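A.B. asks: Before anything else, here's the structure in question.
Computed from the coordinates by the stated procedures, all read-outs in this text should not be read as laboratory data. These numbers come from a predicted model, not from an experiment. All Cβ positions, even for glycine, are placed from backbone atoms using ideal geometry, and neighbour counts span all protein chains on display.
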Amino acid sequence: MQRSAQYFPFTQRICRDASAATRVQIIEMLWTVAYSDGALDPDEDALIRQVAGLIKVSDWERGAARKRALEKLEATTEPAGPALLHAPLTC
């Protein structure tokens, strides 16, 4: 809960100033960063879920953003790419 309070000023501004499409793009970028080392840490997953909720990105949009991020990473990486693409999706 304390983490949410720390993020609130930033997420409140994003909600106020960013379009829905931009908010989804932010979540997609977070997925890209989270998977950039070839693995998703449970804490990264939880953080993205929390931020998505705070900036009013739905679970469905968050999942679609994750899929797009994985597809882009798969297209740009060799050995870890296909393994990432087939990683189980959790919402």
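A.B. asks: Computed FRET efficiency, Cβ-Cβ of Asp37 and Phe8, R0 22 Å: what is it to the nearest 0.05?
C.D. replies: My answer for the efficiency is 0.20.
A.B. asks: Continuing with the same structure: Just to be sure I understand the model, the point goes 7 Å from the Cα along the line to the Cβ. What's the resulting Asp45 to Ser19 distance in nm?
C.D. replies: Taking the two extended label points, one gets 3.2 nm.
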